[in-house]
Amino acid sequence: MELQHRIDNQIYILAIDGDLSAKFIGEIEQHLSPLLQDENINGIVINFQKIAFVDSSGIGLVLSVYKALLGRGARLAICNLNEENVELFEMTRLNDILPIYTTEPEALDSF
């Protein structure tokens, strides 16, 4: 798994290349944890373009990030879901609470 990140206008963009699964959750949490309290970060975009597989731990991580950001008035946006992940987000109804965008520029423009 590889994490790529950058900041654009106080929005943290995280692209994960690999699975969003229990095997890697600890590493991703460690990476995101300081950002969830950083008042200079107004939101996080998670780019799912290179995420092939998401398990229940990955869903839990997404929800934890969403709740932590919401608690301080910041936002989470998701983009570039593949067909399988769209189905997962619909099945778990995450699409009802999380803003999901087709592209990263659309997600960034939403802030």
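Here are the numbers:
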| read-out | value |
| --- | --- |
| Positive dipole terminus of region 2-109, leading residue within G71, V45, I16 (C-beta point charges) | G71 |
| Net +/- balance of residues flanking G43 in space, Cβ distance below 15 Å, scoring K and R +1, D and E -1 | -2 |
| Summed side-chain charge close to S57 - residues other than S57 whose Cβ falls under 14 Å, Lys, Arg +1, Asp, Glu -1 | -3 |
| Percent of Cα pairs exceeding the 17 Å cut-off, where the set is the chain | 49 |
| Within the chain: Cβ-based charge dipole about Cα centre, in debye rounded to nearest 20 (Lys, Arg +1; Asp, Glu -1) | 360 |
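Readers should treat all values here as calculations from the given coordinates under stated rules, not as data from a laboratory. Remember, predicted model here, so these are calculated numbers, not experimental data. Heads up, the Cβs are rebuilt from the backbone with ideal geometry, glycines too, and the neighbour counts pull from every protein chain shown.
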